[in-house]
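Reviewing the structure listed below.
The values are calculated or read from the model by the stated rules, or taken from the named source; none is laboratory data. Remember, predicted model here, so these are calculated numbers, not experimental data. Here the Cβ positions follow ideal geometry from the backbone for every residue, glycine too, while neighbour counts run over all protein chains shown.
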Amino acid sequence: MSTTKIALVDYGAGNLPSVERALARMGARAERASSAETLQGCQALILPGVGHFGALMRTLGEQRLLEPLRSAIRRGVPFLGICLGLQALYERSEEDPSHAGLGILSGTVEPLPNTAKLPHMGWNQVRRVRPSVLLRDVPESSFFYFAHSYAMLDMGDVAVALSDHGVPFVAALEHNNVLAVQFHPEKSGEAGAQVLRNFLAFAGVEGRP
Amino acid sequence: MTLARRIIPCLDTDGARVVKGVQFANLRDAGDPARLAARYNREGADELVVLDITASRDYRPTFLETIERVAEQLAIPLTAGGGIGAVEEGRIVLRAGADKITVNTAAVRRPELIGELSREFGAQAVVLAIDAKRAGDRWEVFVRGGRDSTGRDAVAWAQEGVARGAGEILLTSMDRDGTRSGFDCALTAAVSGAVSVPVIASGGADTIEDFLAVFTEGHADAALAASIFHDHLHSLSELKQFLRARGVTVRWPA
């Protein structure tokens, strides 16, 4: 069993228990972090997220977690953002322009076009555009579970995989220690489990194979 | 890349055990929810719905325990509902392990509930369940497990629910439910064409051709069934391979 401390940022997101359960299945234990103190000394950081961008950023602010999160990420702590946790990495989102994002990556999260049904909810495939840590040993044809109406539409130089719902959008990104997925690996069956295992391996966390 | 059409087994429970009935009546025991959940997770279900069909009032601890036991088994999304009437009830169901909650009777009585839940948990977590029955050239909404007529038009109610913040519609044909006479494709197409969110068709599934029809003629985004899966009439793999061979995008192999 690993002694690496994985902090799971707890801002009240509904999917936090699911992420915990998924990690537990692979023998990794995460600690819920809802204050700056609980983030200290963590060696891996996971920001799960569902719901509203403004609510996430507001709650992180109230918990005084914004600066500790930014500084941990800048220090090089391996970070995994899930769904809204990916969007939070950017400077802002059109979902709620009154709240700034973490600003680790530059750009604005935008709504998906309403030419397709929204939310983009269900299982979709991804197209790899760069070699990826997260998608290692994941079959090309795999489906992942998505549930969102906003997305990063600008691929920048961080996207490793794209998906498509009316327009192409960033499905997975990797930038040094910063990794993030728009889909829910904790809800994406075996393909999602492999993504989580890949993150744990990247973070140096020993888990069960 | 295309969004896959989803196949969703449904566990109707009395809170603790899976039950089966025909047209919302004559319930009988059909097994342990966690065991069925584990089986469907393994066999390639895209999502699972678990409902407490006996609860129209207070939220019961036995059902929350059932949600926890079911969630424990799943690496796919879980939708739960039955009797949810307030934001705090929604929160405990989500915290117990559901990814989405359904609202039905309480939303008809107080439509503002949909918006309250949607603002709190996001539209993607709020599923408006509609039980509809044909009335002449339209479909009428029924509540309280199909017992009470509301006079509301099902298509108009679906549109109002989406405008208020529902992220998905779970549409059950009361005429077909439990009859194994096929999905109501006309009802499903009418609602699917009228709203901007995904529609889950429910009620009447029998043959694998019924699923093909509800995806092609009914324009459903997902199809839900209970007894035909519980009773092993069709395996998920047989169904998905059939659909894939007919050009329907499905998540297979899972």
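What the table shows:
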| quantity | calculated |
| --- | --- |
| Which numbered condition A:Asn114 fails, given (1) closer than 29 Å to B:Gln159 by Cα; (2) at pLDDT 95 or above | (2) |
| Long-range neighbours under 9 Å by Cβ, at least six apart or interchain, first residue under 17 Å from B:Ile130 (Cα atoms) within region B:198-226, second β-branched (Val, Ile, Thr) and assigned to a loop (DSSP other than H, G, I, E, B) | B:Gly203/B:Thr179; B:Gly204/B:Thr179; B:Asp221/B:Val197 |
| Filter pass, B:Thr66 being surrounded by 23 or more Cβ atoms within 10 Å (Cβ to Cβ), touching a residue at least 40 places away in the same chain (Cβ under 8 Å) and closer than 25 Å to A:Glu95 by Cβ | no |
| Looking only at region A:34-59, and only at residues there that are within 22 Å of B:Ala71 (Cβ to Cβ) and more than 14 Å from every other protein chain (Cβ to nearest Cβ), the one that is surrounded by the fewest Cβ atoms within 10 Å (Cβ to Cβ) | A:Ser34 |
| Qualifying residue in region A:88-110 (condition: under 23 Å from B:Glu47 (Cβ atoms) and touching a Leu at 6+ places or on another chain (Cβ under 8 Å)) | no |
| Unmet criterion (only one of (1) more than 9 Å from every other protein chain (Cβ to nearest Cβ); (2) touching a His at 6+ places or on another chain (Cβ under 7 Å)) for A:His165 | (1) |
| For B:Phe215: the one exception among (1) away from chain A (no Cβ under 12 Å); (2) under 24 Å from B:Ala38 (Cα atoms); (3) aromatic (Phe, Trp, Tyr) | (2) |
| Per-region count, region A:21-33, residues more than 10 Å from chain B (Cβ to nearest Cβ) and not aliphatic (A, V, I, L, M) | 4 |
| Enumeration of residues in region B:51-108 that are on the phi > 0 side of the Ramachandran plot and within 13 Å of another protein chain (Cβ to nearest Cβ) | B:Gly97 |
| Enumeration of residues in region B:190-203 that are more than 14 Å from chain A (Cβ to nearest Cβ) and surrounded by fewer than 24 Cβ atoms within 10 Å (Cβ to Cβ) | B:Ala190 |
| Pairs with Cβ under 9 Å, 6+ apart, first in region A:180-194 and at the interface with chain B (Cβ under 7 Å from one of its Cβ atoms), second polar (S, T, N, Q) and part of a helix (DSSP H, G or I) | A:Lys187/A:Ser18; A:Gly189/B:Asn41 |
| Residue check, B:Phe229 more than 19 Å from B:Val103 (Cβ to Cβ), outside any loop (DSSP other than H, G, I, E, B) and modelled with pLDDT under 95 | yes |
| Of all residues in region A:146-162 being in contact (Cβ under 8 Å) with a residue 40 or more places away in the chain and of a type in the set (A, V, I, L, M), the one that is nearest to the other protein chains (Cβ to nearest Cβ) | A:Ala147 |
| Residues located in region B:206-222, provided they are within 21 Å of A:Met121 (Cα to Cα) and not in a helix (DSSP H, G or I) | B:Glu217, B:Gly218, B:His219, B:Ala220, B:Asp221, B:Ala222 |
| Meets criteria (closer than 23 Å to B:Gly203 by Cα and modelled with pLDDT under 95) for B:Thr62 | no |
| Scan of region B:233-251 for residues that are within 21 Å of the chain's Cα centre (by Cα) and assigned to a loop (DSSP other than H, G, I, E, B), ordered by number | B:Leu233, B:His234, B:Ser235, B:Val248, B:Thr249, B:Val250, B:Arg251 |
| Filtered residues of region A:111-135 (kept if under 22 Å from B:Val191 (Cβ atoms) and either within 11 Å of chain B (Cβ to nearest Cβ) or of a type in the set (D, E, K, R) (or both)) | A:Asn114, A:Thr115, A:Ala116, A:Lys117, A:Leu118, A:Pro119, A:His120, A:Met121, A:Gly122, A:Trp123 |
| Within region B:94-175, strands (runs of 3 or more DSSP E) holding 1 or more residues that are touching a helix residue (DSSP H, G or I) at 6+ places or on another chain (Cβ under 8 Å) and surrounded by fewer than 19 Cβ atoms within 10 Å (Cβ to Cβ) | B:126-135, B:138-143, B:148-153 |
